[in-house]
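Data block below; observations after.
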Amino acid sequence: MPISYINKIVAKKDLDFFDATKPLPLKITLKDIKAGEPGNSKKCPFAIAAKRVPGVCAAYVLRTKIFLQYRDRMVRYQLPMNVRKQIALYDSTRKMNPGDYQLKEVDLSNVPSVQRKGYKKRKKMREEGKIHSPKTRGAWPKGRTLAEPK
């Protein structure tokens, strides 16, 4: 399920979109694991457990993120590596370890708008010759070519 699916839900239901600012603990039970469906983002054991959080109407699990839908907003959390491994294990074998897990707040370096701003700043600095682009590392200084030796 691509992120555009989440964007459509947000637009259709006129929800506000937020990135989580605090971690969220989740308890996965054997009942969640048995009720889940491999490969279904709405019926993943983590989505089922997330629906027990007070106020959560729906939960959508993607590869690296989980989206919790409340009545008036959608909140994005980041999945830590141990949770991603459990989801991959569940999707391939229908088995996973029950227990306590923690959803992480969103790391701003992974937010596309922040990445784009950083990219534009680096591109401008590259054009001004303040930093080398990765492709030109070790190349001639700006303004000189191979045809112009020292």
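Numbers at a glance
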| item | result |
| --- | --- |
| Lysines whose Cα lies under 23 Å from that of Lys124, excluding same-chain neighbours fewer than 8 positions away | Lys135, Lys142 |
| Under Karplus coefficients 6.51, -1.76 and 1.60, residue-wise ³J(HN,Hα) of segment 16-23 in Hz, glycine/proline x | 7, 10, 10, 8, 5, 10, 9, x |
| Relative contact order (%) - segment 3-104, alpha-carbon pairs under 8 angstrom, separation at least six | 32 |
| Length added when fully stretched, Lys8-Glu37, from 0.36 nm per residue minus Cα-Cα | 8.1 nm |
| Largest-first principal axis extents, alpha carbons of segment 1-64, Å | 34, 26, 20 |
| Ranked Asp19, Asp72, criterion: other C-beta atoms within 10 Å, fewest first | Asp72, Asp19 |
| Nonlocal amide H pairs with Ser41, under 5 Å, H built at 1.01 Å | none |
| Amide H within-cut-off set for Ala59, under 5 Å, with H built and near neighbours excluded | Gln69 |
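Taken together, the values in this text are just the output of simple stated rules run on the coordinates, not laboratory data. Only a predicted model underlies this, so the values are computations on that prediction, with no experimental measurement involved. Note that we place each Cβ from the backbone using ideal geometry, even for glycine, and neighbour counts take in every protein chain shown.
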